[in-house]
Amino acid sequence: MAKLFARRRDGRIEVKLNDEGRAVAREAFGRVYVAEHDSEHEWHKTLNSPIDPSRDLDDPMLVLARQSQTGSNAELAIATLHEQFLTPQEAWAWLTTLQVALRATAVVNNIYDEDHLAAADPVLLDYVRTLQIFLFALAELL
Amino acid sequence: MPSLKPLRAPDLTTTTTTSTIDEVERPWNVVVWNDPVTPMQVVVVVFKKIFGYADNKATALMLTVHHEGRAIVWSGAADKAQSYCVKLQVAGLMATIEQDAS
């Protein structure tokens, strides 16, 4: 299989995704960004899971910090979507935003274990596998 | 006439109970939970990046999460535990904090 990402000597990450691959990334980045800002989005609750489950409410400052950092990563990923080369910081934004999208997809589709994953709809399973392949390829370089 | 009774020294001993002291001093754990979709390599990279762990420590913790369903990845002061937990959640991992039981 052709490499999806490659590390250059200068430390930058080359994006070798084709148009179809970039379209998958664009969709994932966009959904994370919208979900973080829209409390009605189906992913919003997943992006706001408890920090300390023993308390009724988490510290609002921590919640705000999390929203801000997740939103910033998604914004940076969207802004660099068409770049051929990513800095390590930009590649980290891609990795974290794709990972947030992957886990949100799993949670809203009730994929809580391997059995649920194996029984998932083929289209959903294909999407999950695609994000996993992107993540694995990026993680190898970071 | 002035009293010859000695002045009573103020009570400087603390009234804080032992259990309260324990509660304050017990460390807070950052817990990462297993999920069926996150690639193992991603978990290792996130642990290395956020905590600065060496590859073997990050891998060992990832395997604990994978096999036991959860792992305590850091323990210490409450504010730092909260900060680490937020960073892990921003990186897309399922993480919470809890106060050490012992």
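The values are calculated or read from the model by the stated rules, or taken from the named source; none is laboratory data. Everything numeric here is computed off the predicted structure, so don't read it as measured data. Note that each Cβ is placed from the backbone with ideal geometry, even for glycine, and that neighbours are counted across all protein chains shown. Note: accessible area is taken over every heavy atom of the protein model, side chains too, but ligands, DNA and RNA are not part of it. Shrake-Rupley method; radii C 1.70, N 1.55, O 1.52, S 1.80 Å.
Using the structure shown, decide if residue A:97 is in contact with a Phe, Trp or Tyr (Cβ under 7 Å, 6 or more places away or on another chain), part of a helix (DSSP H, G or I), within 22 Å of residue B:84 (Cα to Cα) and facing chain B (nearest Cβ under 9 Å). Against the criterion (in contact with a Phe, Trp or Tyr (Cβ under 7 Å, 6 or more places away or on another chain), part of a helix (DSSP H, G or I), within 22 Å of residue B:84 (Cα to Cα) and facing chain B (nearest Cβ under 9 Å)), residue A:97 qualifies. Of the listed requirements (1) modelled with pLDDT of 90 or more; (2) over 12 Å from the mean Cα position of the chain (by Cα); (3) within 12 Å of chain B (Cβ to nearest Cβ), residue A:87 misses just one: (3). Being farther than 12 Å from residue B:88 by Cα and either in a helix (DSSP H, G or I) or in contact (Cβ under 8 Å) with a residue 40 or more places away in the chain (or both), is that true of even one residue in region B:49-56? For region B:49-56, residues farther than 12 Å from residue B:88 by Cα and either in a helix (DSSP H, G or I) or in contact (Cβ under 8 Å) with a residue 40 or more places away in the chain (or both): present. In this structure, does residue B:76 turn out to be small (Gly, Ala, Ser) and more than 10 Å from the chain's Cα centre (by Cα)? It is false that residue B:76 is small (Gly, Ala, Ser) and more than 10 Å from the chain's Cα centre (by Cα).
Only one of the listed residues (A:3, A:16) is more than 27 Å from residue A:69 (Cβ to Cβ), of a type outside the set (A, V, I, L, M) and in contact with a strand residue (DSSP E or B) (Cβ under 8 Å, 6 or more places away or on another chain). That residue is A:16. Within the option set A:23, A:65, A:77, being within 14 Å of another protein chain (Cβ to nearest Cβ), farther than 21 Å from residue A:111 by Cβ and open to solvent by 20 Å² or more (accessible area, probe 1.4 Å) holds for one residue only, A:65.
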